[in-house]
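Throughout, read-outs are computed from the coordinates displayed, never taken from laboratory work. Note that the structure is a prediction, hence the values are computed from the model and not measured. Using ideal geometry, Cβ is built from the backbone for each residue, glycine included, and neighbour counts are taken over all protein chains shown.
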Amino acid sequence: MEFFNSKKFILLIVVILVVGGLTGCAKKHVEMDHPKQPTTLETIGKLDAIANVLGCMFDPTPCQKKSEEQKNVKPESQE
């Protein structure tokens with residue numbers, strides 16, 4: 001019973017706890033559940049579409065005319 005009260009036993013327990021904490025038992029590779037963040041180049045590539053949307057928010061008449069023109073033109077695949 002003297003061994004359980006000795007400094008060697010306490011040191012051994014501390015070492016086991018530290019090693020167990022460092023190695024852990026969690027998964028090493030975590031799968032991402034959310035989509036990846038777009039890069040700067042991908043964002044800059046969409047500036048034309050963003051400008052069109054903002055333009056339509058402040059002056060919707062040209063966008064409505066363009067939308068009506070697209071409705072009047074039949075797609076070639078349906079002919």
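The angle between the Cα long axis of helix 47-58 and the main principal axis of the chain comes to about 60°, on a 0 to 90 degree scale.
Dividing the C-alpha radius of gyration of the chain by 2.2 N^0.38 Å, with N its residue count, gives 2.81.
Determine the gain in length on full extension of the stretch F3-T40; use 0.36 nm per residue of separation and subtract their C-alpha separation, reporting nm with one decimal.
Numbers: separation 37, 0.36 × 37 = 13.32 nm, distance 6.26 nm.
Going from the current span to full extension adds 7.1 nm.
Database note for the chain: Cys without another Cys beta carbon under 4.7 angstrom, C25. Approximating the spin labels as points 7 Å out from Cα along Cα→Cβ, the K28-to-N52 distance works out to 4.8 nm. Rounded to the nearest 10 degrees, the inclination of helix 7-23 to the longest alpha-carbon principal axis of the chain is 20 degrees. Sorting 55-67, 13-25 by their mean Cβ neighbour count within 10 Å, with the most densely packed peptide first, gives 55-67, 13-25.
In the chain, the longest principal axis of the Cα atoms and the axis of helix 61-72 are about 80 degrees apart. Stretching the chain fully between L12 and Q70 yields a gain of 13.1 nm (0.36 nm per residue, less the alpha carbon separation). So, with +1 on the Cβ of K and R and -1 on the Cβ of D and E, and no other charges, what is the size of the charge dipole of the chain about its Cα centre, to the nearest 20 debye? Charge dipole, the chain, about its Cα centre: 560 debye, nearest 20.
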